[in-house]
1. Conditions: (1) more than 30 Å from residue A:68 (Cβ to Cβ); (2) within 14 Å of another protein chain (Cβ to nearest Cβ); (3) out of contact with any strand residue (DSSP E or B) (no Cβ under 9 Å at 6 or more places or on another chain). Residue B:602 meets all but one. Number of the miss?
2. Residue A:62 is checked against (1) outside any helix (DSSP H, G or I); (2) within 13 Å of chain B (Cβ to nearest Cβ); (3) within 15 Å of residue A:160 (Cβ to Cβ) and fails just one. What number does that condition carry?
3. Can you tell me which residue within region B:549-567, out of those that are in a loop (DSSP other than H, G, I, E, B) and free of Cβ contacts under 8 Å to residues at least 40 places away in the same chain, is surrounded by the most Cβ atoms within 10 Å (Cβ to Cβ)?
4. Kindly indicate which of B:149, B:144, B:115 is surrounded by 12 or more Cβ atoms within 10 Å (Cβ to Cβ) and more than 34 Å from the chain's Cα centre (by Cα).
5. Looking for something at pLDDT 95 or above and under 30 Å from residue A:320 (Cα atoms) - is there at least one such residue anywhere in region A:146-159?
6. Looking only at residues in region A:589-618 that are out of contact with any helix residue (DSSP H, G or I) (no Cβ under 9 Å at 6 or more places or on another chain) and assigned to a strand (DSSP E or B), which one is surrounded by the most Cβ atoms within 10 Å (Cβ to Cβ)?
7. Taking only pairs six or more apart or across chains, which ones have beta-carbon atoms under 8 Å, a first residue in region A:37-52 that is free of Cβ contacts under 8 Å to residues at least 40 places away in the same chain, and a second residue that is surrounded by 11 or more Cβ atoms within 10 Å (Cβ to Cβ)?
8. Regarding residue B:445, is this residue in contact (Cβ under 8 Å) with a residue 24 or more places away in the chain, surrounded by fewer than 17 Cβ atoms within 10 Å (Cβ to Cβ), over 13 Å from the mean Cα position of the chain (by Cα) and over 22 Å from residue B:218 (Cβ atoms)?
């Protein structure tokens, strides 16, 4: 067995590089087809051992089709090879939830037809590699990029297909000698926790990196990782057996909420590649079944790994959990693993076996299997680094996984090749999914706050997130910021202890007001808005999908730090509330700002009465509104202006406002209009003028 | 009896003017109160002889309240005298339709209370006249303007109240000698038609005119009036009697459709101020009942006057109708009436009697009663002159009457005073209303096309009318014009016989394309849009109400001539039609433009197929769209791009368009975005980019 390492995209001559790319492509295509040769008969291609995935025939065609679809998209070819196949094999179902069964029926083609199709694709890609414009370095914009992308994509499916084969009935596979497993096994070694010194971990790759990367690897992030201890070995079947025998699969206390749902749904009682038999547990490798090798790593999903940690915490009295991504990277440093690309020094990249091997073979200082053997689950849901952007040819590779439902695995397995077998690779799967994945546990001082950080695809939240924290359109300055600037300027030398941003939406002006006020409360009726504002405060970051056109979206990350207001986060407090019926603690303000609120409440009069009571004497009330009165928000009888009054005379909202406030307030300056733009799609926007009315409380 | 003439607002000294205004105010207030002294008892104030109007107590308070309401609005006073009265007496019901009864109950105050209130208002206004800033000339912006407005307003109600008193039961009125009627009557003189030479009539007053005017009098208009003949006398009771006796009120053939509805509703059998008695018809003047004076003018509404003309047409074989406003003005010139302000040379302005007098007294050359005695109905619904704008203190004086339901009356009656007794005055009433109004008839070559010209208050039509023909917002150039310019530029030297503007909405780009093409068809699915486009073509003008804020609107008139494209009106044709299923005659085009259409049809593919068949070889197809796909217009399965395609790849609408058109079209230039703004309120707008895609038919 052998797998070429991922290519350096910058060195050597153009002709050398062309030759290397051809070899790398052929290596990938051949290895992939070789893997499928382990299937006992054509019938095996149509089995679905994993109900959440297509049968293997799909994946057999899929990696070839991927080349063609990306090459069409990149306009490198203008004629499809087999439009029917290229639709049929286009979209997998890997991202389905485990409680979301796929009942669709497909009419799959014959294996020989797909093999013939693969042959056509092989020739087309080879021709293209020979003829395409090429200069070095190869980067995101190079015409060669989609070819490399196709190869790396196939290498991912080499691994995932090997997992599906491992899940097939043993009668469906045959050991043809090309994919030999490790022959050795023995007693499980006793595990131990070894200290890892805390340090700053820096990760993320630059856009001019030497090697191919998926979008999520680029950018950078720094984190100060505290001291922790990491287990010497990844958890072996033997070590995990204590949990199974302790009734771990029957005790819901060990499982996280999502884990319990998975456990109840699947009725699992032991790891998926274990087989209960009269003579004890057997073990399923990709092609064989044999007695459980106690010193090999256990293959589990995140839920099982986490349940084991919880069990161990209980029995040890220590805080045991999985490492974070950065703890894993820190461990890698401490263990002296420095390679960027891994090959035969670990059980990785098919350099040793078509299976795991004992957990006490591959040593790096005091630890084993820091890299290779099995992937290691982490506590970290995948997230975008600073500077993240999608590649235009594969804009949905990562962003759908920024949902807090996909956890990162690190280190690679025996069949991780190409980009997978690199320090910088970042692969994330749903927590219930199976790969050749196990885990190492750590003992830490502090629990990891499980990241409940969702990315926002709610249209209104997305629009407002962009409105508050995103780009400017038609050269109209950010309205939330301009509003706060206006308030601060009007407020002048008055006391500035406490301000209220009433109807704060997703919170930008609350933060901006806090550049001047000691404390600012942001209140909105929408819990969804407040949740977004709160995310920005707590994490300094929000994520959302912008609608571009129809169903097409683009992913956005916005950070408080990029706006220069990260220091205000501890001066604001967000709360959900009814502006017309505020809780008693919201009072004693030096300034109350209501941005685009008054024409969206059920009783503007009640609102004004409410805020009047909450404002300090001499304090400012700033009311900004386009006065777009609509019955759907405010019954006609409650409108404040915008109609002919009982004397039949025109009553503008500007006048009505002053009239209602008259007993307790004096107008400070003439009304002023400030524009704002809310982006709806990449071409459609609302462009509105909000009139700012400033009053001082007598 | 005596009434002061309306004041010259420009001559003399400030102190003289103050004095004159006081006198004019007192004259008005006194005359008004004197009129009400004709009521026999306080009870008469609460009678409602005309179900469509408030009782007289309302009008007694109303003219005083009007001063206060306008002075508050003008911020000349900041404290109301009696807020309850000023709401109660604010809004009349004059504008109600005759089939729209008012059942509301009012709690009216005592007459003495209202009299006391009038006294307070009198003092307040007199104080204000003494103290207000005053410089000459007095114009729209002067602080004195609302005072003059209040006086002129009261003079209108002097006349309308006299009509209501005339409609009261005779027992409710008493002749106290102050309001004497004409004592003379006799046989009706035989009428005759006297030729009037055609000429250009120019009318409308400048904003620096010498005398007070209502908004509708300003601006200017010119019309070439053709030769016609005008009756020597206004129609007398005697002349009208022939119609009554010929069964005119029972014969629906003489009546216009609206007239028949009025006739059937009221069951009228003779003029309203005639009373059928055993000894023949009696006549009701304001305060008396006596045998029908056959030589006095008949008092009728428009419907009755028009029915008489239709009867006379039938019996004479001539085309008899009412004069237009401009025919009346032409007659006035020909009759040598040159005064701008009328007084004692006619039976007008209370200079002679508190009633009509015989029709053969007041002679001007060959005609009688060109001015005074009774108002004369015209065929002309009131319309705005070029340059029309509303006065901000009374923005609903005229604009609600630009609805084709209010016809102009000219010449004034015996009780028309102030601005009413002027050449330039323009008063319009619903066609079923009664004033001291009769008519003169004319014989003309051509019938008047009854103006079915409504002003548009439909929100969408208003928005699109402004979008196509109105102002520019945010400095974004007119989109319909820019679209047409773009099409013409792209079209270059190709044949330019025939173009199609598909989805033309209210038609601006159709006209603009016709600056280059010999003929342009404009087609839209909306009959309401096409009606507006057609109005612009036929009349060169459209009218609509723009939403400002809430229910507040402003009135707009837009003319093709002001846009410099009046010459295109005979090169365009508008039709209602389904763009996805065009009628066969719409073909053979050199250019087809579809502006913001493709994402609003049920089948974009069918649309493209349709237009492809209608375009000449070598012709251009210009498709402009923001590609805002929405299920409410286009089912998801019909979208053209804006989603991930069957290969899972991003398919933009720009690409999808080219792909669908590929067999028959070649793309001519790169897509280009052109912005547009649709105004929704005075502060809220849609601001969108439309992408222009140009294809040439192979």
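The values are calculated or read from the model by the stated rules, or taken from the named source; none is laboratory data. Source: prediction; values computed, not measured. All Cβ positions, glycine included, derive from the backbone under ideal geometry; neighbour counts span all protein chains shown.
1. (2)
2. (1)
3. Filtering first and then ranking leaves B:550.
4. Checking each option against the conditions leaves just B:115.
5. The answer is yes, given that some residue of region A:146-159 is at pLDDT 95 or above and under 30 Å from residue A:320 (Cα atoms).
6. Selected residue: A:615.
7. Going by the 8 Å Cβ cut-off, the qualifying pairs are A:48/A:54; A:48/A:55.
8. yes
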